[in-house]
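The values are calculated or read from the model by the stated rules, or taken from the named source; none is laboratory data. Keep in mind that what you see is a predicted model, and the values were worked out from it rather than measured. When we count neighbours, we look across all protein chains shown, and the Cβ atoms used for this are built from the backbone with ideal geometry, even at glycine. Accessible surface is based on the protein model in full, side chains and every heavy atom, while ligands, DNA and RNA are left aside. Shrake-Rupley method; radii C 1.70, N 1.55, O 1.52, S 1.80 Å.
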Amino acid sequence: MIHFKSLLTIALFLFVTAPPGAVMAQTVSNEILHSWVELENYGGDLDSPPISRTDYHQLVFELQQCRQASASKERGTLHSLQTVDPMVYEQISTPRNNARHRVALSLLHWDRAVVDETASSQAIEKSAVAETAETNITVFAFSPIKTTTYRGGDLEVVFDSADFFEVINSPSSQIANLYLDSGDGQGQQPIDLNVPVFVSYDSTGEKTLSLVAVTTDGTTLYAEATLQVAALATPNPTQTIRVQADSPYAEFGGSLYVYKSPGTHIGLRHPVLVVEGFDMNNDMDWDVLYNILNKETLVESLFAFGRDMIVLDFDDATADIFGNAWLAMNAIDYINANRVSLSGKFTVIGASMGGLVTRNALAMMDAYPSSYGHHHVDTWISFDSPQTGANLPLGVQEYFNFFGGFSSKYPELAIAKEYQQKLDSPAAKEMLLCHYTCTSSQAGPSPSYNWFWGSMNAYGYPTSCKKIAISNGSGYGYKQYFTPGQQIIQWHQDDGFTLEIGSKIYALYKSSSVASTDFYGRFDPWDWFDQIDATVYERSYYPYGLDNASGGTRSTFKELFEKLPYRNSDDWCSYNDHCFIPTCSSLGIPISKIEQTIHNNSTVLNLSPFDEVHYAFSNEAHIEINARNKPWFIRAILEGFDTDTDGFDDYEEYLLGTAYNDASDKLKFSIESIATSNLTTLKWPANPNTQYYIYKTDALVESTWNLVGSIRSSSTNFISQAFANTDYSTNAFFKITAQPSDPVQD
């Protein structure tokens, strides 16, 4: 068994192949390298399990480190150094947008020479050189570059040459043929490099792909990977527009995905601009964003009422928020320049960080229209946006900082370093209430936080449009299920020989002055000079319960725990989620009110700068569109504009089920009267979401009708109302009126 603490070495002569059949020789030197991957799981055996994206990235990273180290040593020899291979890890880890219907696959075939642990231990005891006890093993694995597709019903999968990495000891072990079973019922199909195989799934969910490789010497290798089919089909945008910010942020760019509603119209009709949030990998493109927004068929429901959707996708969502706000201003200018009519309705939605971007953009345009133009926006929706700050558990941040600090010497810690770099991005430092770079004794933000919020608050909020806040956090005081200071993650590995490594992560402690552990990390590697035992106490308390507060949630604890290598039954993660956007923050209320219940609390609610606020009963996933909050979006976007000028605005027509663009399709009904000796029954077909009022008079000459009944319908059906004849004189006249009834509870 090869443990991740084992010593690995690369054979003296390697062959690096492009497509099967083409061999290029490269000379390398022996190198020692740790591996965080259970290599025996990916040895090409028939029962090899599907590889995780994390493990595949780690294997490729280790290959790159070996190549770089070998090339560096080769410079000191008399042999000429051949062209160094591309940075293979960057090749597969650099963010790539969905290629619509194409799923790129990457393959790794590596003959690794590893140190036999038993022989190595015996050699060390005898003061011998451990590298002499080598064993050759095969590593064979493949993985989709992007592990989720939104077009599962019509796909093509392909191994591109640039994503094919083969490092072998002998030409006889070179891959000659590949066969792929995509799990769509078509069975095993031959596949060549750069030639797509067509795949069609009939259901969403996780799919298992099986790969068989036959080498030149006849050896058969097996590997599996998974692909998440999130949707079977996703419509293409009508067009994609490049937008660029102006000086001093001229380097900020992005894409505007335009998705026009049905019907022929030149220009944009009732535009709805959605601005994305903090996309830490910058790989959320149209396919991802459309499917997030179309939960509960929200986008298609709006399309049916003539709304055109425009989505702003930043080139770099982790960059300075003010720079992307300038980009948003130019996007707004583009939309206004291309609208069918400025008299139509214009709605802007800022999702998560996008709420800060759009807040600043609209506030600047309101304050300085001569410089930035008029935005002509009617309604601005801030969707679970950190209007007074966001939260990522400090213990998790300390984990990335602690282990990422060793990545230059121990490449297996590259993933921790990657996340540390995302924490160090301008946008993260601007939003996070607590940041690991805080220099005070109490947990707090980064040094750049106060300047950012001072500038944001100086511009304030938009003044010329309706302001609506929608929160995924509970307004009823429900918190996360753990307590401040509680341990959330336990992880420890120790083989007693080469490496001891572990971590404990705690929820941030609640106190005004008393410190408590939020992170413990131990890294005791094979190299005695690098032994470290560290417990982090600094900045480990906060005046409020932040990690467990009411708010839109994020599953950071779960995501981190699942990326930890070599977990066993003694390791655990007690809770998946934490508060990401506190409810008070999403409503623009100061963080000092984070522990107060908001519902029916006018003292707290009056601190919100929004004209209208909505919050959840219990905490929900961040920027989750669901059956509860969909009606809030529908009303905010459709209300206030009567397309067919029939007296009912588009939202009322949505409620009633009548056509928004046809004045002849009205709220109308015929009444059937059934009289018996005892009862008079009125019966009529009903519209949904309609309140009916029944009036009665004894004589038509009366000027006053008396209200005798009121009924609300919630669906299309028949309504009956019976009246006892003894309640009336010989003659009775009835009148029924109707008006839309809003089911949305504020």
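Under a cut-off of 16 Å between alpha-carbon atoms, report the aspartates and glutamates in cross-link reach of K696, not counting same-chain residues fewer than 8 places apart.
The reachable aspartates and glutamates, counting only those whose Cα sits under 16 Å from K696, are E672, D727.
Which of the following values of Cα extents along the principal axes in Å was calculated from the structure shown: (1) 116, 64, 59; (2) 121, 51, 47; (3) 105, 71, 41?
Correct label is (1).
Could you bin all the Cα-Cα distances of the stretch 298-377 into 5 Å bins starting at 0 and give me the percent of pairs in each, rounded to whole numbers?
3, 14, 25, 23, 19, 11, 4, 1
Starting from a Cα-only point model with no solvent, please compute log10 I(q)/I(0) by Debye for the stretch 127-275 at q = 0.08, 0.16 1/Å.
At q = 0.08, 0.16 Å⁻¹ the computed log10 ratios are -0.43, -0.98.
In whole Å, how far is the Cα centre of the stretch 256-334 from that of the stretch 608-625?
First find each Cα centre; the distance between them is then 20 Å.
Can you spot the aspartates and glutamates whose alpha carbon is less than 13 Å from K467's alpha carbon? Ignore those fewer than 8 places along the same chain.
The reachable aspartates and glutamates, counting only those whose Cα sits under 13 Å from K467, are D378, D611, E612.
Calculate what fraction, in whole %, of the accessible area of the stretch 633-746 sits on carbon and sulfur atoms when a 1.4 Å probe is rolled over the protein chains. Provide the component values of the computation, followed by the final result.
Values: 2960 of 6160 Å².
Within the stretch 633-746, the accessible surface is 48 percent carbon and sulfur.
Output ³J(HN,Hα) for the stretch 376-390: one whole-Hz value per residue in order, computed from phi by the Karplus curve 6.51 cos²θ - 1.76 cosθ + 1.60 with θ = phi - 60°, and x for Gly and Pro.
6, 8, 8, 9, 10, 10, 9, 9, 6, 9, x, 5, 10, x, 10
Within the stretch 349-468, what whole-number % of the accessible surface is contributed by carbon and sulfur, with the 1.4 Å probe and all protein chains included in the calculation?
Solvent-exposed carbon and sulfur of the stretch 349-468 make up 53 percent of the total.
Carbon-plus-sulfur fraction of the accessible area of the stretch 256-338, 1.4 Å probe, in percent?
After summing per-atom areas, the C and S share lands at 55 percent.
Just how large is the dipole of the chain about the Cα centre, in debye to the nearest 20, putting +1 at every Lys and Arg Cβ and -1 at every Asp and Glu Cβ?
Once rounded to the nearest 20, the dipole reads 1900 debye.
Can you list the residues, at least 5 places off or on another chain, whose amide H is less than 5 Å from the amide H of I488, using H built in the peptide plane?
So I488 has HN proximity to I505, Y506, A507.
Looking at the square roots a ≥ b ≥ c of the eigenvalues of the Cα gyration tensor of the stretch 247-349, which shape do they give, rounded for a/c under 1.5, prolate if a/b is larger than b/c, or oblate?
Taking the square roots of the gyration eigenvalues as a ≥ b ≥ c, the stretch 247-349 is oblate.
Could you give the angle, 0 to 90 degrees to the nearest 10, between helix 449-459's Cα long axis and the longest principal axis of the Cα atoms of the chain?
Tilt relative to the chain: about 30 degrees.
Find the accessible area per residue for the chain; the probe is 1.4 Å, ligands and nucleic acids are left out, and the unit is Å². Could the numbers behind the result be given before it?
Details: 30670 Å² over 746 residues.
Normalised by residue count, the accessible surface of the chain is 41 Å².
With all protein chains present and a 1.4 Å probe, how do R522, R96, R712 order by accessible area, largest first?
Accessible-area ranking of R522, R96, R712, largest first: R712, R96, R522.
Could you give the angle, 0 to 90 degrees to the nearest 10, between helix 321-337's Cα long axis and the longest principal axis of the Cα atoms of the chain?
The angle comes out at about 50 degrees.
For the chain, find the longest principal axis of its Cα atoms and tell me its angle to the long axis of helix 53-74, 0 to 90°, nearest 10.
Tilt of helix 53-74: around 40 degrees.
Take every Cα-Cα distance within the stretch 236-294, group them into 10 Å bins from 0 onward, and report for each bin the whole-number percent of pairs it holds.
The distribution over the stretch 236-294 is 17, 48, 28, 6, given as percents.
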